[in-house]
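Below is one structure; the comments refer to it alone.
The values are calculated or read from the model by the stated rules, or taken from the named source; none is laboratory data. Since we're looking at a predicted model, the values are computed, not measured. Neighbour counts are summed over all protein chains in view; Cβ atoms, including those assigned to glycine, are modelled from backbone coordinates with ideal geometry.
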Amino acid sequence: MTSLSILGTKIRQDAEGRFCLNDCHKASGGENKNRPSIWVDNSQTKALIAEIQAEAGIPALTSIKGGNASGTYACKELVYAYAMWISPAFHLQVIRAFDALVTGQIAAPALSEQEIVAQALQITVRQIEELKAENAILAPKAEVAEKIADSDGLYTLNLSAKAAQMPLSQFTRAAHANGFIFKQNGKWNAYSDKVKAGYCYVKFHPYRDRDGDERFSPQVFFTPKGITRLVKISGQH
């Protein structure tokens, strides 16, 4: 049987076919903050393990101590969840590795972070278009997804957060903490240096205030380059 390999690292399996999370951790770069033990202690992880075990009737996670096979072993669903917790980039590599295992093909070479984010954006856009098509049949007047800003590769904060696999609130906090955006009259705006660097773009929409004077409200967009940079420096997953 062909063994699973992620980014050149062979992933061991136990007698029940579960995969070694310690090997996955090594394949991801081996950062201390991404240790399997930290992820397993997460309350969401524990809930997921319980759900899988209740459905499958067998342990979804187990540990082997001592010997060459020592480590924490998990079912495929938990490997996916662990990879997503580490980073969007590593999650994509794990998906490809499992696809290669099923088809018997060699996994595709690793992409750069910017290429991975760009692919994630394409997937998000495709999903939105599919939702729009479904909703056009069920409820023509309902809006089911936020529109892409334009054809120049600009993405709203909502879509940017989805591409980075963060909740919107987490994404905006990270962007604010790392000097990408700031609040102005209750609206997000982008710092000029990030705009000049090609990380962000700001559109100003005209409106009338209570006195009838014309004002302009900012709307921030991120580029794939900006999303890549924020994910890299923020350490948010």
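Suppose the filter is free of Cβ contacts under 8 Å to residues at least 24 places away in the same chain, assigned to a strand (DSSP E or B) and not assigned by TED's automatic domain parsing to the domain that holds K33; does R210 pass it?
Numbers: free of Cβ contacts under 8 Å to residues at least 24 places away in the same chain: yes; assigned to a strand (DSSP E or B): no; not assigned by TED's automatic domain parsing to the domain that holds K33: yes.
So R210 fails the test.
Scan region 28-52 for residues that are within 21 Å of F98 (Cα to Cα) and over 20 Å from the mean Cα position of the chain (by Cα) and report the count.
The total comes to 2.
Is there a residue in region 38-61 that is assigned by TED's automatic domain parsing to the domain that holds L101, more than 20 Å from P88 (Cα to Cα), assigned to a loop (DSSP other than H, G, I, E, B) and among the aliphatic types (A, V, I, L, M)?
As a first pass, look at region 38-61 and keep what is assigned by TED's automatic domain parsing to the domain that holds L101: 38-61.
Now narrow it down to the ones that are more than 20 Å from P88 (Cα to Cα): 41, 43, 46-47, 49-61.
Applying the additional criterion that residues be assigned to a loop (DSSP other than H, G, I, E, B) yields 41, 57-60.
From what's left, among the aliphatic types (A, V, I, L, M): 58, 60.
Taking every residue of region 38-61 in turn, at least one turns out to be assigned by TED's automatic domain parsing to the domain that holds L101, more than 20 Å from P88 (Cα to Cα), assigned to a loop (DSSP other than H, G, I, E, B) and among the aliphatic types (A, V, I, L, M).
Yes or no: region 133-154 includes at least one residue that is at pLDDT 65 or above and surrounded by 13 or more Cβ atoms within 10 Å (Cβ to Cβ).
yes
Of all residues in region 158-201, which are in contact with a Lys or Arg (Cβ under 9 Å, 6 or more places away or on another chain) and part of a strand (DSSP E or B)?
I181, N189, C200
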